[in-house]
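Read through the structure below, which is laid out as structure tokens, and then see the notes.
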Amino acid sequence: MREFNQFLINNISLTKSSLAIGSGIALIACLSSNANAQTFVPADIIWLIDTSGSMGDDINQIKLRIGQFNNAMLGAGIDAQYGLVEFADGETLTQDIVPFPVFNAPGGAFQTISTSGGTERGSQAVNVGLANATFRPNSVKNFILVTDEDDDSNPTQFNNARTGLPDNNAVFNFIGVPGTGNTNARYGVLASENGGAAFNISAFRNNPDSFL
């Protein structure tokens with residue numbers, strides 16, 4: 001996910017700047033007068049992961065590479081914390097926002113994701129994350145949806161996500177299947193309207209390193 005990480009780093013920085021200008025709230029306080037002290041941008045990243053039966057290989061790749069992803073955030077001066085919404089025949093926040101060691105701990109929700117089901121309501125997963133996650137004050141909110149299907153959410157659920165993301169100054173990115181079904185009209189719109197981008201899950205399957 002190198003290419004994806006750099007995009008995420010860039011749009012976290014852009015979102016941080018726009019929030020500071022728009023709200024007049026400083027997102028970062030300099031805690032040291034030492035000129036060499038590093039200042040970190042707080043970012044709360046919600047992974048929205050399709051857990052239907054066909055997603056096993058993709059989920060395993062994310063589990064294997066999440067440490068590399070987090071290292072990229074740290075290297076860019078981003079204080080990333082993570083949450084998890086699983087969706088397939090239901091949408092549940094299975095891990096609230098926590099520091100990376102907790103998020104990635106053996107036996108935790110992320111490392112024990114299992115696959116089942118076949119109704120993928122990604123827009124509704126966004127709504128569940130927005131409504132239930134405990135975001136840090138002044139953090140940049142970034143949603144990353146991973147699915148190999150289009151969106152089974154109903155129009156009301158999609159419209160709620162479409163209004164909820166900008167209302168919460170949240171960025172939306174997805175790794176999925178652009179051009180298939182309603183993907184462009186749903187996830188493509190959410191990404192384009194909220195500072196994000198689309199990444200092809202087939203390329204991720206073939207070579208995750210190109211994203212990491």
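The values are calculated or read from the model by the stated rules, or taken from the named source; none is laboratory data. Because the structure is a prediction, the values reported are computed rather than measured. With ideal geometry, Cβ positions are generated from the backbone for all residues, glycine too; neighbour counts draw on all protein chains shown. With ligands, DNA and RNA removed, areas are computed over all heavy atoms of the protein, side chains included. Shrake-Rupley method; radii C 1.70, N 1.55, O 1.52, S 1.80 Å.
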For the ranges 177-185, 46-54, 141-149, what's the packing order if you count other beta-carbon atoms within 10 Å of each residue, average per peptide, and put the highest first? 141-149, 46-54, 177-185
Heavy atoms only, probe 1.4 Å: what % of the accessible area of the stretch 44-90 goes to carbon and sulfur, would you let me know? 43 percent
per DSSP, antiparallel bridges as share of beta bridges in the stretch 65-211, % nearest 5, sits at 40 percent
For residue 192 and residue 119 in the same chain, what is the full-extension length gain: residue separation times 0.36 nm, less their Cα-Cα distance, in nm? 23.9 nm
Can you tell me the accessible area per residue over the stretch 43-108, all protein chains present, probe 1.4 angstrom, in square angstrom? 34 Å²
Counting heavy atoms of the protein chains only and a 1.4 Å probe, report the per residue accessible area for the stretch 158-212 as a whole number of Å². 40 Å²
I'd like the distance separating the alpha-carbon centroids of the stretch 69-100 and the stretch 101-178, in whole Å. 10 Å
Could you go through the stretch 82-92 in sequence order and give the Karplus-derived ³J(HN,Hα) for each residue, using 6.51 cos²θ - 1.76 cosθ + 1.60 with θ = phi - 60°, rounded to whole Hz, and x for Gly and Pro? 9, x, 9, 10, 9, 9, 3, 6, x, 10, 9
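Give me the number: length gained by fully extending residue 40 to residue 200, i.e. 0.36 nm times residue separation minus the C-alpha to C-alpha distance, one decimal in nm.
Going from the current span to full extension adds 54.6 nm.
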